[in-house]
Amino acid sequence: MKSILIIGIGRFGSHLCMNLSRLDNEIMIVDQDEAKLEDLLPFVVSAKIGDCTNEKVLKSLGVGNFDLCFVCIGNNFQSSLEITSQLRELGAKYIVSKANRDIHAKFLLKNGADEVIYPDRDIAEKVAVRFSANQVFDYVELGSGYSIYEISPLSEWIGHSIKDINFRAVYNANIIGVKADGNMKLMPGPDYVFQKEEHLMVIGHQHDIEKIVKKL
């Protein structure tokens, strides 16, 4: 469980708050619009109406007491930048700021953010990958060019083992799990035989897995 401050309750901030709450975190939310706070009251331990570009408002929150501070203001970059900078000056432990553009991210990172997220871009990329092929069921980007894909096995793999097709050497990727009938088998051995009605969790470099996906 972590103590988390969320500044800015738009669509992303609201969803972030609800999901963090379900994971048993203690959350405080802040926004200038009281109406945006009301629906989230069951999910938080504290809610405050205020303009966080005002240093006095930020000081009153005790930002140094939170494990994480999220700045979720997406439609006013200047405000997001000011709040991020002030959080750093006030001793926030870890600051995550929302950005819509790369140039915004650079300024946020230079002015106090420990990490920048692009929720709209990230969702768009994930949706694009998933729906570009009929047999891609999920996709997780790990960073440094690596990803995990949940895919169906290629037809030429069915009935053969991982060792038979020399999977790692041929595809420069690894199978870390197999999902079938609602169950997950992790780290299948080299003698595992591919079945038609199953999903494979494949990890590897993006461009290597994309070569497999194009064959689906």
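Only Lys, Arg, Asp and Glu carry charge here, each on its Cβ (+1 for the first two, -1 for the last two); on that basis the chain has a dipole of about 380 debye about its Cα centre. Diffusion coefficient of the range 3-117 by Stokes-Einstein, Kirkwood radius over Cα pairs, 25 °C, 0.890 mPa s: 179 µm²/s. The spread of Cα positions in the chain, taken along each principal axis and listed from longest to shortest, comes to 67, 36, 27 Å.
Residues whose amide H falls under 5 Å from that of ASP138, counting only those 5 or more places apart or on a different chain, are GLU150, with hydrogens built in the peptide plane.
Site-free segments of the chain were taken between trypsin sites (Lys or Arg not before Pro) in DSSP loops having at most 16 other Cβ atoms within 10 Å, sites themselves excluded; the longest one is 3-92. Here GLN206 and MET1 are evaluated by their C-beta separation; at R0 = 30 Å the FRET efficiency comes out at 0.30. May I ask which residue of HIS104, ILE212, GLY13 lies farthest towards the positive end of the charge dipole of the chain, with charges of +1 (Lys, Arg) and -1 (Asp, Glu) on Cβ and the Cα centre as origin? Final value for the positive-end residue is ILE212.
Please identify every one of the GluC sites (Glu not before Pro) in the range 136-206 that sits in a loop by DSSP and has no more than 10 other beta carbons within 10 Å of its own beta carbon.
Listed in order of number, the matching sites are GLU197.
Ranking SER147, ILE123, ILE158 by Cα position along the charge dipole of the range 122-213, where only Lys, Arg, Asp and Glu carry charges on their C-beta atoms, puts ILE158 farthest toward the positive end. The residues neighbouring ASP191, those whose beta-carbon lies less than 12 Å from its own, together hold a net charge of 0 under the Lys/Arg +1, Asp/Glu -1 convention.
With 21 Å as the limit, write out which pairs from LYS126/LYS185; LYS98/LYS126; LYS126/LYS163; LYS126/LYS215 have Cα-Cα distances beyond it, or answer none.
Beyond 21 Å between Cα atoms: LYS126/LYS185; LYS126/LYS163.
Taken about its Cα centre, the range 3-117 carries a charge dipole of roughly 300 debye when the Cβ of each Lys and Arg holds +1 and the Cβ of each Asp and Glu holds -1.
Just so you know, all these numbers are worked out from the coordinates, no wet-lab data involved. Here the structure is a predicted model, which is why all the values come from computation and not from measurement. When we count neighbours, we look across all protein chains shown, and the Cβ atoms used for this are built from the backbone with ideal geometry, even at glycine.
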